[in-house]
Amino acid sequence: MSGPPVDLGPFDPNNTDRDKIMSAGAWVPCRICEEVFLRVRLTARYCNTCSRAFCEGEHGSFAGRGPAVCVQCHRPANRP
Ligand SMILES: [Zn+2]
Ligand SMILES: [Zn+2]
């Protein structure tokens, strides 16, 4: 064994990336890289809003102790 376990499966609503990372300590593909750029970039970060993995810095933010959020969820709130 070298490095953390890796789960390359697709996003599963019944076993979200958050679950995989938190319970298995697994690294999973950034879903934005996967869906938009068709590339695999492993990450152990996940969005607190949608529970999908994202790569830190490029497709989400993990600012200090605040909740992590991916760029897909990090949109301006729907203001009137
Ligand atoms: Zn990414
Ligand atoms: Zn999200």
ask   = Which of ASP19, ASP7 comes first, and how do the rest follow, when ranked by fewest Cβ neighbours within 10 Å?
value = ASP19, ASP7
key: DSSP loop trypsin sites (Lys or Arg not before Pro) with at most 13 other Cβ within 10 Å excluded, longest remaining stretch of the chain   = 1-38
ask   = In deg cm²/dmol, rounded to 500, what helix-only [θ] at 222 nm does the chain give when every DSSP H run of at least 4 residues adds -39500 (n - 2.57) and the total is split over its residues?
value = -2500 deg cm²/dmol
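No value in this document is a laboratory result; all are computed from the given coordinates. Keep in mind it's a predicted model, so treat the numbers as computed, not measured. Cβ: placed from backbone, ideal geometry, glycine included. Neighbour counts: every protein chain shown.
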